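Read through the structure below, which is laid out as structure tokens, and then see the notes.
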Amino acid sequence: MSEAFFEIKNCSVTGSQIMAEIQRRIKEKEDQGIYQKYSLSRSVQFEWKEVSDETQFLDYYLKTIRRSWAVDINEFEIPKKKGLKGKIELLFKKIIWKSLKFYTYRLFSQQREFNSQAAHTLLLLHQDYTEKIKKLETELKAVEKTADTR
């Protein structure tokens, strides 16, 4: 007779209780500063009051895209807890990471390549259209001058 590694029994825990516990743990880790190192929000923070027109809005987001296209695919430190339970948990996390590393690295590499191509294409299109608009504005001014002199 084989014994189960673990057993799931009917319990009185609700989905909202599970979500509350997950949110509590996230808040706890945020307070410890664990997530700050990996936060993308700092690179894309934006003060709406500084935007006075569409040009500033577009310039801001083009700069943001230029800065943030690269997905970080490097390894990161796994937070450690003290005691035997913490060591076992860390070992378990490292085993999971090593077994999934090949797949995640490939996925993130492909995403990084796509982001690079999309960002550079967008930036080149913007530059091209900006130059074309300036050229058309110059030509329009020349036509207006010619019309004024007649």
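Output the residues belonging to the range 1-42 that are exposed (fewer than 10 other Cβ atoms within 10 Å of the Cβ), assigned to a helix (DSSP H, G or I), at pLDDT below 75 and not charged (D, E, K, R). Tyr38, Ser41, listed by residue number.
Candidates in the range 78-109 are the residues that are among the β-branched types (Val, Ile, Thr) and modelled with pLDDT under 85; of these, the one that is nearest to Arg67 (Cα to Cα) is Thr104. Could you tell me whether Lys132 is closer than 28 Å to Gln32 by Cβ and out of contact with any Leu (no Cβ under 8 Å at 6 or more places or on another chain)? Criteria not met by Lys132. If you go through the range 110-150 and keep only what is at pLDDT below 85 and of a type in the set (S, T, N, Q), you end up with just Thr149. If you go through the range 73-95 and keep only what is assigned to a helix (DSSP H, G or I) and under 23 Å from the mean Cα position of the chain (by Cα), you end up with just Lys93.
The values are calculated or read from the model by the stated rules, or taken from the named source; none is laboratory data. Being a predicted model, the structure only gives us computed values, none of them experimental. A quick note on method: Cβ atoms are made from the backbone with ideal geometry, for glycine too, and the neighbour counts reach across all protein chains shown.
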